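To start, the structure itself, in structure tokens.
Nothing in this text is a laboratory measurement; each read-out follows from the coordinates by a stated rule. Note that the coordinates shown come from a computational prediction; the quantities given were computed from them, not determined experimentally. Note that we place each Cβ from the backbone using ideal geometry, even for glycine, and neighbour counts take in every protein chain shown.
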Amino acid sequence: MYGYNLMTPGPTNVHESVLAAMAKNYTNPDLDSDFFKLYADTADKMNQLVGNGGGKTYLLCGEGILGLEAACASFIEPGDRVLTIANGIFGRGFGEFSSMYGAEVVYYESEPTKGIDPVALKTFIEANGPFKTATVVHCETPSGLTNDVSTIGPLLKSFGIMSIVDSVSAIGGEAMEMAAWGLDVVLCGSQKVISAPPGMTMVSLSPNALAYLDNRKTPIAGFYANLQIWKDYEKKQWFPYTQPIHMIAGLKLALDRIERKASVERHERLSEAVRKTLVKSGFELFAKESYANTVTTVLLPEGLDFKVLLDCLKNDHKVLIGGGFDFLDNKIFRIGHMGENATEDRLSALFLALDGAFDTLNVPLQESLQNGFEMQINRANLK
Ligand SMILES: *Cc1c(COP(=O)(O)O)cnc(C)c1O
């Protein structure tokens, strides 16, 4: 029933050492200062991974969506003008969270097949501002493209707009220099590139965002999504609720496995090989530019139902891939080449399985995917 090669864009494959770190009896996280150190060390690792100079990272128990909601709950006050930068499903969804917390939402929308154009965005802000806060998605996982937050961040800063960035499926696979790019709130999740199990969201706050929390005018509605309650947890040796110690131990190990620069380079190299392999075999990609390093979206061959493809991969090959949802429902399939999935061996195994499945389903390919991939990564002659 289990034991698949999980080539989905999250949850991703979890390394054995991470699983092993979770399969132990630890301590009582409310009583033992050893746990406070584990939490602080893990948060600090995450803080370094996002390049957050003098700011702080909190680790919250709940998957990525909790981070998005906590950011909206904590940084949006009723009546705030919030710019929702949207070229995909998560981008637009951010607008709904923002209005739940009382924002006056203004959408900047652009095509889902390419990244946000900072020049057009600047013109839009000049015409429609001022805004207090903006939300933007770094990697639009459902459509497989990455927005250039290295340009968007400084642009927002130049207008004095506070930025909330959903980098849940990007951090570790795309460059992230939170402080240098002037980003205020950066959100990550455990089950994407980080390759820990689902269940944790990591919220990184700039010094500016921390100061905002201290000086907010209206109280934050709710408790679980309230980021004020984490203030000075180290000094107080107090957490707002029982901490998921096993999850944090696993997260720490997963973060230890990521070397910032090398990880981004590996994702860049392998994602390019994946795209070239697919195109050479006759597939068309959904994204037309600004391709994500962490996920590739591929148009389904004419007449092929995603469920049929997935069932064949699952039952005959023990491999899972992602499908499309919302406006991409049954139009695409998605390969998650992030974190522990982004290895030559796992991708080669995936392409072998896809070759087999397309053969079974009578979908002709211009070239074997696995051979194509082995050529792309220059391994073909070594076999
Ligand atoms: C996965 C993901 C999330 C979080 O969603 P989950 O419910 O935790 O899977 C948020 N934003 C993006 C862009 C994601 O890819």
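For the chain, give the magnitude of the charge dipole about the Cα centre (Cβ charges: +1 Lys/Arg, -1 Asp/Glu; no others), in debye to the nearest 20.
520
Report D for region 180-283 in µm² per second (integer): Stokes-Einstein, Kirkwood Rh on Cα pairs, 20 °C, 1.002 mPa s.
In µm²/s, the coefficient rounds to 125.
Which value, in Å³ per residue, describes the convex hull spanned by the Cα atoms of region 292-383?
Values: hull volume 10.0 nm³, N = 92.
Per-residue hull volume (Cα only) is 108 Å³.
Could you tell me the calculated FRET efficiency between ASP305 and TYR241, based on Cβ-Cβ distance and R0 = 45 angstrom, to the nearest 0.05?
It comes out at approximately 0.55.
For region 234-352, how big is the tail of P(r) above 16 Å, as a whole percent of Cα pairs?
I get 69 percent for the Cα pairs in region 234-352 exceeding 16 Å.
Compute the signed sum of charges (Lys and Arg +1, Asp and Glu -1) over the other residues within less than 15 Å, Cβ to Cβ, of ALA180.
Surrounding charge for ALA180 is -1.
For the chain, take the longest principal axis of its alpha carbons; what is the angle in degrees between that and the long axis of helix 33-49, to the nearest 10 within 0 to 90?
70
Compute the helix-to-body angle for 245-256: its Cα long axis versus the longest principal axis of the chain, expressed 0 to 90° and rounded to tens.
So the inclination is approximately 60 degrees.
May I ask you to compute the full-extension gain from ASN128 to LYS157, defined as 0.36 nm times their residue separation minus their alpha-carbon distance, rounded to one decimal in nm?
Residue separation times 0.36 nm, minus the Cα-Cα distance, leaves 8.8 nm.
How large is the dipole of region 1-160 about the Cα centre if only Lys and Arg carry +1 and Asp and Glu carry -1, each at its Cβ, rounded to the nearest 20 debye?
Numbers: 10 positive and 18 negative charges, 52 e Å.
Value, rounded to 20: 240 debye.
Kindly provide log₁₀ I(q)/I(0) values, in the same order as q = 0.08, 0.13 Å⁻¹, from the Debye equation applied to equal alpha-carbon scatterers of the chain.
Each listed q maps to, in turn, -0.42, -1.05.
Taking 37 °C and 0.692 mPa s as the conditions, I'd like the Stokes-Einstein D for region 220-267 in µm²/s, using the Kirkwood hydrodynamic radius from alpha carbon pairs.
242
Could you tell me how many cubic angstrom of Cα convex hull volume region 120-177 has per residue?
Measuring per residue, one finds 85 Å³ for the Cα hull of region 120-177.
What is the extension gain from GLU234 to LYS331, computed as 0.36 nm multiplied by their sequence separation minus the C-alpha to C-alpha distance, in nm to one decimal? Don't skip to the answer; put the middle values down first.
Working: separation 97, 0.36 × 97 = 34.92 nm, distance 4.83 nm.
Roughly 30.1 nm would be gained on extension.
Just to be sure I follow: if Rg is taken over the C-alpha atoms of region 1-145 and Rh is the Kirkwood radius over the same atoms, what is Rg/Rh?
My calculation of the ratio gives 1.05.
What order do you get for PHE325, PHE75, PHE358 when you list them from fewest to most C-beta neighbours inside 10 Å?
PHE325, PHE358, PHE75
Provide the packing ranking of 307-316, 155-164, i.e. peptides ordered by the mean count of other C-beta atoms within 10 Å per residue, highest first.
Those peptides, ordered most packed to least, come out 155-164, 307-316.
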